[in-house]
């Protein structure tokens, strides 16, 4: 029987669990201000990750337009930060 650290056991559990996307979305929310800046973070209403789609919600039209232009950059930065391809597409609502 092999031994696992708690971190390894949790990672294996999350990989097989439906909670993985929710946990990853929470992690993205935690670093959102660092990635995009405090102003953008303040006007971002919600962030969800559903089946590889990162859904960013804001009610500020100019910010929405700016985020649309930066979709590819956002996807690349998040995937690089977490060292995996969790985000396949960024959707701005």
Highest mean packing first, using Cβ neighbours within 10 angstrom, the peptides 69-78, 29-38 sort as 69-78, 29-38
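May I ask you to compute the full-extension gain from residue 73 to residue 29, defined as 0.36 nm times their residue separation minus their alpha-carbon distance, rounded to one decimal in nm?
Length difference between fully extended and current span is 14.2 nm.
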Report which label in [x] 32; [y] 46; [z] 38 holds the value of percent of Cα pairs over 18 Å apart derived from the coordinates of this structure.
[y]
Could you check the simple spin-label distance between residue 38 and residue 50, using points 7 Å along Cα→Cβ, in nm with one decimal?
3.3
Extended-chain gain in nm, criterion 0.36 nm per residue less alpha-carbon gap, residue 84 and residue 5
26.4 nm
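Taken together, the values in this text are just the output of simple stated rules run on the coordinates, not laboratory data. For clarity, every value in this text was computed on a predicted model and none was experimentally measured. Cβ sites come from the backbone with ideal geometry, for glycine too, and all protein chains shown count toward neighbours.
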